[in-house]
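Presented below is the structure to which this report refers.
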Amino acid sequence: MAKLLRIHPDNPPQRLVTEVCEALSEGAIVIYPTDTVYSFGCDLRKQKAIEKIARIKGIKPEKAEFSIIFDDLSRLSAFTKAVDNRTYKLLRRALPGPYTMILEASNAIPRFFKYNKKTIGIRIPDHKIPRSIVSTLDFPIIASSVHDPEDPIQEYFTDPELIYERYKNEVDLVIDGGIGQLYASTVIDLTGDEPLVVREGIGVLDVL
């Protein structure tokens, strides 16, 4: 059964963040808060954990569109191909924030995560818990939104205690960082000549 771990969203104690990272390093699946909705996550290097998240969500791993959480822009250069100055300025304006930016992936992204896809969705949420986790782990984690699988309109869970009751036998750890948002991130594809809004979410479009 999963552990429910309460972490203050504005001042996450380092000892609790370290506990989460130790679990992730051992292949744990964690549900954690972001500046939008709660997400499933695991260490990007853990193939079995990524495959299990896909099974929990009822999708094939090769069809999954999981995003990757970073703690700041400086880490992106190792996992994405170089971007032009205009794209970098857009990233600077929007992040940290409620956006998923689609960029071209570098060879540092594990092959089993990309499944021959050339792009990845990256997130730098405006939330201290996931960014503290990535900073302490010193490696990105994946993000895949938690929603009610029985709801035909894919309504997102916002209450961590309800999330825990639903998934306590399927994941290893649920972080209670307070009530989450109702809406997901805005997805923007930055791989073309012009930014393309793929999905309108909580992030406003005046950053473009």
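Over the range 162-208, what is the relative contact order in percent, taking alpha-carbon pairs closer than 8 angstrom and at least six residues apart?
On the way: 35 pairs, mean separation 12.4, N = 47.
Once divided by the residue count of the range 162-208, the mean separation gives 26 percent.
Close amide H partners of G203, meaning residues 5 or more places away or on another chain with modelled amide H under 5 Å apart, are T186.
The accessible surface of the chain, taken with every protein chain in place and a 1.4 Å probe, is 47 percent carbon and sulfur.
Its alpha carbons considered, the range 15-84 gives a radius of gyration followed by a Dmax of 13.5, 39 Å.
A straight chain from K3 to E155 at 0.36 nm per residue would run longer than the Cα-Cα distance by 52.3 nm. For the chain, the solvent-accessible area with a 1.4 angstrom probe is 51 square angstrom per residue. What does the charge count near L103 come to, summing +1 for each Lys or Arg and -1 for each Asp or Glu among other residues with Cβ under 13 Å from its Cβ? Summing Lys and Arg as +1 and Asp and Glu as -1 gives +3.
Over the chain, what is the relative contact order in percent, taking alpha-carbon pairs closer than 8 angstrom and at least six residues apart?
Relative CO of the chain lands at 34 percent.
The share of alpha-carbon pairs in the range 155-202 lying farther apart than 16 Å comes to 56%.
The P(r) of the chain has a tail past 30 Å containing 15 percent of all C-alpha pairs. Here K48 is the anchor, and the lysines within straight C-alpha reach of less than 23 Å, apart from those fewer than 8 places off in the same chain, are K3, K57, K60, K63, K114, K117, K118, K168. The alpha-carbon of K89 sits under 17 angstrom from the alpha-carbons of these aspartates and glutamates, leaving out residues fewer than 8 places away in its chain: D72, E104, D189, D193, E194, D206. Once the chain from L196 to K63 is taken as fully extended at 0.36 nm per residue, the excess over their C-alpha distance is 45.7 nm.
The values are calculated or read from the model by the stated rules, or taken from the named source; none is laboratory data. Nothing here was measured: the structure is a model prediction, and the numbers come from that model. Neighbour counts run over all protein chains shown; Cβ positions are idealised from the backbone, glycine included. Calculation scope for accessible area: heavy atoms of the full protein, side chains included, ligands and nucleic acids excluded. Shrake-Rupley method; radii C 1.70, N 1.55, O 1.52, S 1.80 Å.
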